[in-house]
Structures are given as C-alpha cells and as structure tokens.
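The values are calculated or read from the model by the stated rules, or taken from the named source; none is laboratory data. None of these values were measured; they are calculated from a predicted model. Glycine gets a Cβ as well: all are built from the backbone with ideal geometry, and neighbour counts include every protein chain shown.
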Amino acid sequence: MKKRVVAVMLIAVMTTLLAVGCGEKNSNQKEENSTKTEDTQKELEKITVTEPVRGILWAPVYAAKELGYFEEEGLDVDITAIKSDTPSAPVMAGEAQIGLWGPEMVCKLVQDGQDIQLFYTCTDKYPYSFFLAKDIKSVADLKGTAVNAARSGGSPRAYVRSILRNAGLNADGDVTYVNMDNSAVLAALESGEIKATYASPELRAQLIDAGYEPTIDIYKPEVHKEIIGSETYEMYICYAKKSYIDENPETIQHFVNACYKAAQYLDKSSVDDIVKTLQEPFKEMSNLEQIVKECKDNEIWSPDGLLTDDGVKAINNMAIEAGLITEPVDRSALINETFVKKAAGQK
C-alpha cells in the first residue's frame, strides 16, 4: 500500500515538472519568436520621403510601398506631403532623406552650388497637355486672356510659354498667367475666368470627361518632339542631398532597388491590377482607372528609372526657358546613375 502511494506521488510530481517544463519551453519559444519579430522590425531603416503633392506620375514609389518592396529591401518608408513653395526644404535641412520633385528645380539648385543630386526618374515622357476654352478656336486667339500656367519659374509655365510663342504670341505680355489648383480649373474654364490651361494626366481626364479636347496633345510622339524637342523628358524624379547619397549608398541602393522592381511591375501588369495596388494612396481619385490606362497606353512611366541624354538636354532647355538657370548643367553633376544601373543589372 505504501509503495502504491509513493508511486502515485512520484507520478504526480513528474507530471507537474513536465507541465512546468513544457510551459517554460512554450514561454521561451514565444519570447524567442517575439524577440525575432522585434529584431526584424528594428532592422528596418526608417526614412522619410517628401512629396510636393500626391501625384500618380510618381507611381513606382507608391507601388513599391504598397507591394512591400521597400520592406523587402529593409526600409520603412514614410511618404509625407510638403505644402509649401520650397518642398525641398526638409531634405536640404536633413529632416527627410529623399524627395520627389521635378528636375528643373534640381538643375537650379545644382547650378547655385547646393548639395543636391537626382538619382531616379519615375517617368519617361513630358506629361502635360494643353486645352482651350470651348469658345476659343486657336492658341493665337488667347491674346488678352487669362491662362492657367502654374507658378512662375516652373516647368508648366515654361511649357505654356513655348506653346504661345509657337503660335506667334508674345509670351511675356499677350496673356495673363494664373496659378490654379486642378480642382478649380474646370469651373474656371466654364465661367470664362480662364481661356486655356495646361493639364496633368489627372486634370486631362477630367476635362475630356467634360467634353474638352486637347489642343496640344503631348501624348502624340510627334507633338512631344515638336514642343519639347525630344522624344523623352524625365520629369517626375527622386532626389537627395549629394552628401547623403555619398554617405549612405546602401540606403539609396535599397530605395532604388524597390522602385525599379515596382517600375517593372507597372510595366508588365494589367490596368486592373495596378488600380488595385494604387487604390489606397489614391482613394480620393474617382477616375483612377482611366488615368492608369492613359499612363500605360502612352508609356508615361519609366520602366527602368534611367534618364536619356536627349531628355537631360530637354530638361536643361526647359530650365533655361523658365529662367531657372543660365546655362546647361552637366549631366554628371545633375544625376547619380550608379544605383539605377546596378538595379537594372548594368555596369
């Protein structure tokens, strides 16, 4: 009887010890898994990317974030809008690491001796078309009217000026330039407040839906060549402080790798798939499918992030026309091509 009691007690003790041991093992496993998760999160390098406005033409950047490509490259990317006349300020102050912008202003800052360089393009073509009010028959008829041409010194203003000059108008005195948000343009055309406007892909889609036809359809290759002077114009770019690029080449390479992968995805995927991918960052865009289709059909997005020689020449000419620079900026000073070439498998 005593032996049976002792045996029962031993079994109870062993069961308890096993339970405790398993509990400790499970607990240790959970702690180990938790530590691994925390370590993975800690390994992601946080960087801030600034944008002057949410724009579909920087789609490779947004797609890279939505598809998890930045995380695959070890980056935690936060994209922040900067609503000011100097969207480059946070990058130049070191408060952000990378910026989205246009190349003309980068040309200006490089010529001014600033610590800045671009390293990737999201687009290959100049994206703006030109529309007239329905009661205006030709560009020459715009004399004495108001035209929406964005801010002074910007690429859209230089583009509109070149259209006016080609029509025989004095770009400095024959029209009054105004700067309007896209949301106000259609009503201004309808009311007669303005008689013409440049149009981004988003605005272009709205105007066509409202019954307007582009007077200058930049999507036509021959028109692009005539107005821009080149078949390419890499306008929606990524830039950083040159010193940051030199000191953090691995970070820039990871960023470019993700954007390149996203650009390849945009190039090879269907409109429906791209719309699903970009739905979250562009949830307020009611005509997203139409705009994505136009970008795809007209090969607006760059599939590789590389800038052409003709494109760089056209960018310099546009910056000179806009009064931003006095002479062309050397390609090597303007662009660091190392990272995109490596991402594309080039030497």
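For region 321-333, residues that are part of a helix (DSSP H, G or I) and either under 20 Å from residue 121 (Cα atoms) or not assigned by TED's automatic domain parsing to the domain that holds residue 112 (or both) total 3. So residue 222 clears everything in (1) in contact with a strand residue (DSSP E or B) (Cβ under 9 Å, 6 or more places away or on another chain); (2) outside the structural domain of residue 115 (by TED's automatic domain parsing); (3) more than 17 Å from residue 156 (Cα to Cα) except one condition, right? Which one? If we test residue 222 against (1) in contact with a strand residue (DSSP E or B) (Cβ under 9 Å, 6 or more places away or on another chain); (2) outside the structural domain of residue 115 (by TED's automatic domain parsing); (3) more than 17 Å from residue 156 (Cα to Cα), just (1) comes out false.
Condition check ((1) surrounded by 20 or more Cβ atoms within 10 Å (Cβ to Cβ); (2) under 28 Å from residue 94 (Cβ atoms); (3) modelled with pLDDT under 95) across all residues:
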site	(1), (2), (3)
233	yes, no, no
285	no, no, yes
289	no, no, no
314	yes, no, no
320	no, no, yes
347	no, no, yes
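Looking at residue 141, is it in a strand (DSSP E or B), surrounded by fewer than 20 Cβ atoms within 10 Å (Cβ to Cβ) and modelled with pLDDT of 95 or more? Steps first, answer last, please.
On the way: in a strand (DSSP E or B): no; surrounded by fewer than 20 Cβ atoms within 10 Å (Cβ to Cβ): yes; modelled with pLDDT of 95 or more: yes.
No, not satisfied.
Considering 169, 207, 186, the condition of being of a type in the set (A, V, I, L, M), in a helix (DSSP H, G or I) and either assigned by TED's automatic domain parsing to the domain that holds residue 83 or without any contact (Cβ under 8 Å) to a residue 40 or more places away in the chain (or both) is satisfied by 186 alone. Screening region 74-131 for residues that are in a loop (DSSP other than H, G, I, E, B) and of a type in the set (S, T, N, Q) and picking the one that is farthest from residue 291 (Cα to Cα) gives 114.
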